[in-house]
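Participant: First the structure, which I've put down as structure tokens, then a few questions once you've had a look.
The values are calculated or read from the model by the stated rules, or taken from the named source; none is laboratory data. Keep in mind that this is a model prediction, so the values were computed, not measured. Using ideal geometry, Cβ is built from the backbone for each residue, glycine included, and neighbour counts are taken over all protein chains shown. Ligands, DNA and RNA are stripped out before the accessible areas are found, and what is left, the full protein with its side chains, is counted by its heavy atoms. Shrake-Rupley method; radii C 1.70, N 1.55, O 1.52, S 1.80 Å.
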Protein chains: 2
Amino acid sequence: MTTLKDIALEAGVSATTVSNVINNKWQRVSPETVEKIKNIISRKNYIPNMTARTLAKNSSPIIGIINHLITRKSGGFMADPFHNTFMGSIEDRIRNKGFFLMVRTVEDSRGLEEVFRNWNLAGMIFTGLFQDAFFDDVRKMQIPYVLIDSYIDSPEVCNVGLEDQKGGYMATRYLLERGHRVIAFTSPYVRRDGVVEKRLLGYMQALSEFGVPFNPELIFEQEISISEGVRLGYRLSENRNITGIFSTADILAAGIMAGLRKKGVRIPEDKSIIGFDDNYLCQITYPRLTTIHQDAEEKGIVAIELMIAQLMNKPIRERKIILPVRLVERESVRSL
Amino acid sequence: MTTLKDIALEAGVSATTVSNVINNKWQRVSPETVEKIKNIISRKNYIPNMTARTLAKNSSPIIGIINHLITRKSGGFMADPFHNTFMGSIEDRIRNKGFFLMVRTVEDSRGLEEVFRNWNLAGMIFTGLFQDAFFDDVRKMQIPYVLIDSYIDSPEVCNVGLEDQKGGYMATRYLLERGHRVIAFTSPYVRRDGVVEKRLLGYMQALSEFGVPFNPELIFEQEISISEGVRLGYRLSENRNITGIFSTADILAAGIMAGLRKKGVRIPEDKSIIGFDDNYLCQITYPRLTTIHQDAEEKGIVAIELMIAQLMNKPIRERKIILPVRLVERESVRSL
């Protein structure tokens, strides 16, 4: 069996150099040498044993996607097409960089510690993280991490986010411009400093610009799932005053549309609706859903870039990346 | 820091017994002792280092979901809601049994070897596996594995499958009974001995029973994605003879419906369609999709049961579990 030393011997370099290449510490080795070593590794079919390396280096080439707070009750973190695209994007990219993907739902700090101490992960990507005790524990672990859609206000934290408030503003303004004045805001439970709160702020900002008083009775929060959406559609069908609906997730909007239709409410004739995400569900709904676009695939790409930069100790120019939103017009909104 | 020996000392048992409990070899320890040891572990906040254990035992408490053949081109293995529910079900269950989930797309035997030799996984769950050279390599690894939806005909192999042929038969017969005679079969590429082939056999069986000759021009194969489905819907809209469509996946059916609608074809007035899976997309489509139901969550549960039984060296009564299908009637099919 080929050993690391065999590779080093043939390449005319030290075992440390080969090890650096295998461990993706490319910056310490010249590009030509990296190329040469990779060719030998490939030709000799050499596969390093990660477990042994992990123990020696105290870090594994595993990147964990840690899902905090997203409960099984709502179908788990994989139920929403956004997460699928995002995770698929990450799995695809880290594979080519020599990393493995571990997926874990974590409910509390102990769950987090269990993952970290067991596997000495190279890095972690967190979805659904807030500024609380759990975050303090993440920091203490002292490994590279990237937050997704977090509003934790700390200069050293890497975060890939979105123009959430702007998205909420654009969606609501789009309805207001078309004459809607009684606009329901539908979302998962609003948490302080989460994306939903920002989208709600955008909703309030647009209302305020148009001189429409904020009415808390138009805020509908619930678990995110198709069946919950359908039920909410039933409820909304009973309120004839509501002409416009903004949903902070397409999957919720799709459920609401199905529920409204079942009660004989026509879209957009009777009620208009606008979503958020622009995933493939927008093509399936009838009529096709007007929505706020975000690029879930790009979120994964940027998250991995920030992760790799940390792993390679490269300088990071911008730790907070905010991806843009835009409105995609389809057929679910009409002018009054 | 608490060590394994501390736990053993306090419980009044040997270190081996504690180790057995941690490694889920419960059958070697009495239930009372397991309970006692787990309580001490919990109270002392003891977390074993899996990496060290892995090296010692030559096996990690990681279960891999290995996706063979499902290419990124079609959106990757996470694009279909079936896979999400299935994976979510597995992640949820192995977590409570002390295992971690690794997710990996593997293109060839080298990719497989890379995962296996690096991590010495406790077990692997394969989706999309056929009887070929790749499968021979899986066998050589000599670790517990469970196949999902495979038609590999080998007595020792654990497989969780579905009544695929019956499902294809039921769907087609449902259309035939309602007067349809020109029925399109739409699916991903048909491979020998895969689920799609079995569903196609069911389609042919039903046609034959009704004395309808098989017409290969009515077979439409392509990548599975919404956009491909929409394009196929355009094509199908041009063929006025086709009154019935059977899609072997709801996600494909949903795309076809969107494509047909865009071309002004009404469902079910102009064309009827029936899907396969019964995932949440059926609630979103307009009209709601009649389909063949399968239980993706149950598939995950049964797969993990078969895996755990192998890991614990328990006798396995039935290695081939075939889950039932049933037809769910909604509004996408009409009688001619």
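Participant: Would you compute, from DSSP H runs of 4+ residues alone, the mean residue ellipticity of chain B at 222 nm, taking -39500 (n - 2.57) per run and dividing by the full residue count, rounded to the nearest 500? Walk me through the numbers on the way to the answer.
Facilitator: Details: 13 runs with 146 residues, N = 336.
Mean residue ellipticity at 222 nm (helix-derived): -13000 deg cm²/dmol.
Participant: Sort all Cα-Cα distances of the protein assembly as shown into consecutive 20 angstrom bins from zero, then give the percent of pairs in each bin up to the one containing the longest distance.
Facilitator: Spelled out per bin, shortest first, that is 17, 46, 32, 5.
Participant: Considering chain B as a Gaussian network with a 10 Å cut-off on Cα pairs, which listed residue, B:Gln165, B:Gln222, B:Gln294, attains the greatest mean-square fluctuation?
Facilitator: Per the Cα network of chain B with a 10 Å cutoff, B:Gln222 tops the list.
Participant: Springs between alpha-carbon pairs under 10 angstrom, Gaussian network model over chain B: which of B:Val21, B:Val196, B:Val157 fluctuates most?
Facilitator: Sorting by GNM fluctuation, first place goes to B:Val21.
Participant: What whole-number value in Å² describes the accessible area per residue of chain A for a 1.4 Å probe? If you can, show how the numbers build up before the last one.
Facilitator: Values: 13970 Å² over 336 residues.
Solvent-accessible surface per residue comes out at 42 Å².
Participant: Please give the total accessible area that chains A and B bury against each other, computed with a 1.4 Å probe and expressed in Å² to the nearest 100. Let's see the in-between values first.
Facilitator: Working: alone 16630 and 16660 Å², together 27960 Å².
In total, chains A and B hide about 5300 Å² from solvent.
Participant: Too long at a 24 Å Cα-Cα cut-off: which of A:Lys140/A:Lys320; A:Lys97/A:Lys299; A:Lys5/A:Lys36; A:Lys166/A:Lys299; A:Lys299/A:Lys320; A:Lys5/B:Lys140?
Facilitator: Correct reply: A:Lys5/B:Lys140.
Participant: Give me a comma-separated list of calculated 3J(HN,Hα) values for the range B:132-138, in order, Karplus coefficients 6.51, -1.76, 1.60 applied at θ = phi - 60°, integers in Hz, x for any Gly or Pro.
Facilitator: Coupling constants for the range B:132-138: 7, 4, 4, 4, 4, 5, 4 Hz.
Participant: Treating the point 7 Å from Cα along Cα-beta-carbon as the label, what are the nm separations from A:Glu113 to the other copies, to one decimal?
Facilitator: Those separations, rounded to one decimal, come out as 4.2 nm.
Participant: Taking a point 7 Å out from Cα toward Cβ as the label site, list the nm distances between B:Glu297 and the same residue in every other copy, smallest first.
Facilitator: The answer, with the shortest distance listed first, is 3.1 nm.
Participant: Also, quick follow-up: Kindly state, to the nearest 0.05, the FRET efficiency for A:Lys140 paired with A:Glu223, given R0 = 25 Å and r defined as their beta-carbon distance.
Facilitator: Details: r = 31 Å, r/R0 = 1.25.
Efficiency, from the Cβ-Cβ distance: 0.20.
Participant: Further question: Top mean-square fluctuation among B:Val29, B:Val230, B:Val138, Gaussian network model of chain B, C-alpha springs under 10 Å?
Facilitator: Sorting by GNM fluctuation, first place goes to B:Val29.
Participant: Carbon and sulfur atoms: what percent of the 1.4 Å accessible area of chain B do they account for? Provide the component values of the computation, followed by the final result.
Facilitator: On the way: 6870 of 13990 Å².
Exposed carbon and sulfur together represent 49 percent of the surface.
Participant: Which lysines does B:Lys263 reach when only Cα atoms under 16 Å apart count, and residues fewer than 8 places away in its own chain are ignored?
Facilitator: Counting by Cα, and skipping residues close in sequence, B:Lys263 has these lysines nearby: B:Lys271.
Participant: So the label point sits 7 Å from Cα along the Cα-to-Cβ vector; using that for A:Glu329, what distances do you get to the other copies, in nanometres, sorted shortest first?
Facilitator: Here A:Glu329 shows inter-copy label distances of 4.4 nm.
Participant: Could you check the spin-label model distance between A:Arg43 and A:Lys5? Points 7 Å from the Cα along Cα→Cβ, value in nm.
Facilitator: In this crude label model, A:Arg43 to A:Lys5 measures out at 2.1 nm.
Participant: Of all DSSP beta bridges in the protein assembly as shown, what percent run antiparallel (nearest 5)?
Facilitator: Values: 9 of 85 bridges.
Just about 10 percent of them are antiparallel.
Participant: Semi-axes, largest first, in whole Å: what does sqrt of 5 times each Cα gyration tensor eigenvalue give for the range B:164-294?
Facilitator: Working: eigenvalues 78, 53, 39 Å².
Equivalent-ellipsoid dimensions as semi-axes: 20, 16, 14 Å.
Participant: Also: Between A:Lys97 and A:Ile322, what is the label-to-label distance in nm when each label sits 7 Å out along the Cα-to-Cβ direction?
Facilitator: It works out to 2.4 nm between the two label points.
Participant: Can you pull out the GluC sites (Glu not before Pro) in the range B:237-311 whose DSSP state is coil and whose Cβ has at most 11 other Cβ atoms within 10 Å? Numbers along the way, then the final one.
Facilitator: Values: sites: B:Glu238, B:Glu269, B:Glu297, B:Glu298, B:Glu305; in loops: B:Glu238, B:Glu269.
Sparse-neighbourhood loop GluC sites (Glu not before Pro): B:Glu238, B:Glu269.
Participant: Same structure again: Averaged over every viewing direction, what's the projected area of the C-alpha convex hull for chain B? Give it in nm², one decimal, please. Present the calculation step by step, with values, prior to reporting the outcome.
Facilitator: Details: hull surface 76.2 nm².
In nm², the orientation-averaged hull projection of chain B is 19.0.
Participant: A follow-up question, please. With respect to the symmetry axis carrying chain B onto chain A, which residue of chain B exhibits the smallest Cβ distance to that axis, and what is the value in whole Å?
Facilitator: Spelled out as residue then distance in Å, it is B:Tyr286, 2.
Participant: Apply the Karplus parameterisation 6.51 cos²θ - 1.76 cosθ + 1.60, with θ equal to phi minus 60°, to every residue of the range B:202-218 and state each ³J(HN,Hα) to the nearest whole Hz, in sequence, with x for glycine and proline.
Facilitator: x, 4, 5, 4, 5, 4, 4, 4, 8, x, 9, x, 6, 10, x, 6, 9
Participant: Sticking with this one: Distance in nm between label sites at B:Ile301 and B:Phe214, each 7 Å beyond Cα in the beta-carbon direction?
Facilitator: 3.6 nm
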